[in-house]
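Please treat every number below as a calculation from the coordinates, not as lab data. All figures in this text were calculated on a predicted structure; none of them were measured in a lab. Glycine gets a Cβ as well: all are built from the backbone with ideal geometry, and neighbour counts include every protein chain shown.
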Amino acid sequence: MATGWIEQLTGSLEQKKQYRQNKARVEHLPADYRAAATALERYLMYFGAITKGDVLLRMLGDLTDLFEESAADGTPIRSIVGDDPVEFAETFMRNYTGGQWINKERERLVKAIDAAAGDDGKER
Amino acid sequence: MGRQMTEMLKGTLEGIVLALLTGNPAYGYEITTLLRGQGFAEIAEGTVYALLVRIEQKGLVDVEKRPSEKGPPRKVYSLNEQGEKELDEFWNTWSFLSERLEQLRKGGK
């Protein structure tokens, strides 16, 4: 298919569109919510190391949902992220580990130990 | 919130939220309010939200989007059959743990 190799190079066009839509939603948040959401996004993008586009988009979309709802309810920023924003970001991120690059290495580790233990998870 | 409280809550918050949702569909903000009413005063709304995302992904709740007067539609979470099973298991685990801990406190074995 003609789009096949193009998307290999550029990423899916549909995903790019979704990414831009999410950016626009963040832009529409009140300034302090926008600042907090942007800071969290940055952290999640760096630390999450999510290589699957669809998982990344779902994560960013869920984060935007949270901030849109909180802005509408007037929830103060501190009440959204708590005392420890890093703790919050990492709890949040744990929902999307299926898209992390490290996930392949986790599977590899499990398989290697299974093989070394001479079983497929069964006690010896 | 104390460090120890944060750590212990991490393991139990999912069960607590499933218990709160029993027969009582609610959206994120309501759930946070319920938790605060139960004495979990400093729990962050984002933490609850992240947990709701997780239990949705695990298929323990059904989600319905309801329009709201202000702002975006609200996701209302209700416990489904799988969620009820998970909650039963949580209570069993909890009974076991609390019994064991109580024994330890009394110095029994």
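Per-residue shielding of A:59-71, expressed as the average number of other chain Cβ atoms within 10 Å of the residue Cβ, stands at 4.
Here r is the Cβ-Cβ distance between residue B:97 and residue A:13 and R0 is 41 Å; the resulting FRET efficiency, rounded to 0.05, is 0.20. Kirkwood analysis of region A:10-124, using all unique Cα-Cα pairs, places the hydrodynamic radius at 16.1 Å. Sparsely packed loop sites in region B:1-101 (the trypsin sites (Lys or Arg not before Pro) outside DSSP H, G, I, E and B with at most 13 other Cβ atoms within 10 Å) comprise B:58, B:70.
Which residue fluctuates most in the GNM of chain A (Cα springs below 10 Å): A:27, A:107, A:41? With Cα springs under 10 Å in chain A, the top fluctuation among A:27, A:107, A:41 is at A:107.
With everything on Cα atoms, drop me the angle between helix B:45-57 and the longest principal axis of chain B, reported from 0 to 90° to the nearest 10. Between the helix axis and the principal axis of chain B, the angle is about 90 degrees.
Here's how it looks for residue B:26: its modeled amide H is under 5 Å from those of B:77, which are all 5 or more places away or on a different chain. The mean number of Cβ atoms from other chains found within 10 Å of a Cβ in peptide B:70-76 is 4, as a whole number.
A helix-only calculation puts the protein assembly as shown at -22500 deg cm²/dmol for mean residue ellipticity at 222 nm, using -39500 (n - 2.57) for each DSSP H run of at least four residues, averaged over all residues. Taking the alpha-carbon centroid of each part, what is the distance from region A:49-108 to region B:13-91 in angstrom? Between the Cα centre of region A:49-108 and that of region B:13-91, the gap is 17 Å. Pairs exceeding a 21 Å alpha-carbon distance, out of B:58/B:85; A:17/A:52; A:52/B:85; A:23/A:52: A:52/B:85. Compared with the direct C-alpha span, the chain from residue A:107 to residue A:47 gains 19.6 nm at full extension, assuming 0.36 nm per residue. Once the mean of 1/r is taken over each pair of separate Cα atoms and inverted, chain B shows a Kirkwood hydrodynamic radius of 15.2 Å. Each label point was placed 7 Å from the Cα along the Cα-to-Cβ direction; for residue A:116 and residue B:40 their separation is 3.8 nm.
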